[in-house]
Amino acid sequence: MYYFDIGFIMLVIPALIFSLAMSAWVKSAYRKHSKARNARGITGAEAAQRVLRHYGIHNVGVEITRGRLSDHYDPRKKVIRLSEGVYHGATAAAVGIAAHEAGHAAQHAERYAPVKVRNAILPATNIGSSLGPILIFAGFALAFDPLITIGLGLFSLIVIFQLVTLPVEFNASRRALNVIDETGMLDGNDYKGACKVLRAAAMTYVAALVSAIATLLRFVLRFRRR
């Protein structure tokens, strides 16, 4: 009956529902604002390049990657990878998403503090995400509290990482929208569409934080009940 304890019902299930709702929201916003060509006819690839030029960045490439909504910035290879629909798409959604990824490139170029913090804790977070739950479950199975405590400490790194990720993502969107507005890449209605897509995308990171907190609290409550 472990998976049906009160913590699972009161914390994890609502967090899961919230995550699913946010995922559905971003997909819906992307579909809605990917139907019509934007008034300026600017593609995602062009938008990314314009944002890079705005920040004086000339050593970052823009290329196509497979998948849908698989867009990301790779700081190791200094390349923005855009899904085909975003790279070639001349829609409000494509411009917003591409500009957002270019915003991440600008963050790295300027050594934006939250990015440095997130990169610093990433190795430990990877260990915590894989080893933490194993130690927690093993501690419960063996009734060995120190093992549970160590597992909770490792798992808490996931929460910290998700928390630090929020300002990174919100700042990248703010940079993107500022450049889009200042350079006139999108007109009024298209600009609003890009805002809605990026707002929905940002909420998926909020959902990830909520899910991590809910899972950690569930483990802590179960541990305290011991």
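The values are calculated or read from the model by the stated rules, or taken from the named source; none is laboratory data. Since this is a predicted model, take the numbers as computed values, not measurements. Methodologically, a virtual Cβ is constructed for each residue, glycine included, from the backbone with ideal geometry; neighbour enumeration extends over all protein chains shown.
Looking only at residues in region 54-81 that are hydrophobic (A, V, I, L, M, F, W, C), within 19 Å of residue 115 (Cβ to Cβ) and under 20 Å from the mean Cα position of the chain (by Cα), which one is surrounded by the most Cβ atoms within 10 Å (Cβ to Cβ)?
Per the stated criteria, the residue is 80.
Where the second residue is among the β-branched types (Val, Ile, Thr) and buried (at least 16 other Cβ atoms within 10 Å of the Cβ) and the first is in contact (Cβ under 8 Å) with a residue 12 or more places away in the chain and in a loop (DSSP other than H, G, I, E, B) and lies in region 69-82, which pairs have Cβ atoms under 7 Å and are six or more apart or on separate chains?
Going by the 7 Å Cβ cut-off, the qualifying pairs are 71/86; 71/97; 78/60.
Assess whether residue 56 counts as being part of a loop (DSSP other than H, G, I, E, B), closer than 13 Å to residue 102 by Cβ and either of a type outside the set (A, V, I, L, M) or out of contact with any helix residue (DSSP H, G or I) (no Cβ under 8 Å at 6 or more places or on another chain) (or both).
Considered against the rule, which asks whether it is part of a loop (DSSP other than H, G, I, E, B), closer than 13 Å to residue 102 by Cβ and either of a type outside the set (A, V, I, L, M) or out of contact with any helix residue (DSSP H, G or I) (no Cβ under 8 Å at 6 or more places or on another chain) (or both), residue 56 comes out as yes.
Keeping to region 121-172, report how many residues are acidic (Asp, Glu), within 19 Å of the chain's Cα centre (by Cα) and modelled with pLDDT under 95.
Qualifying residue count for the region: 0.
Each row is one residue, and each column tells you yes or no for (1) surrounded by fewer than 17 Cβ atoms within 10 Å (Cβ to Cβ); (2) out of contact with any Pro (no Cβ under 9 Å at 6 or more places or on another chain); (3) of a type in the set (Ser, Thr, Tyr).
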| position | (1), (2), (3) |
| --- | --- |
| 141 | yes, yes, no |
| 149 | yes, yes, yes |
| 159 | no, yes, no |
| 168 | no, no, no |
| 178 | yes, yes, no |
| 183 | yes, yes, yes |
| 212 | no, yes, no |
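Any idea which residue in region 37-53 is surrounded by the most Cβ atoms within 10 Å (Cβ to Cβ), counting only those that are outside any helix (DSSP H, G or I) and not β-branched (Val, Ile, Thr)?
This residue is 38.
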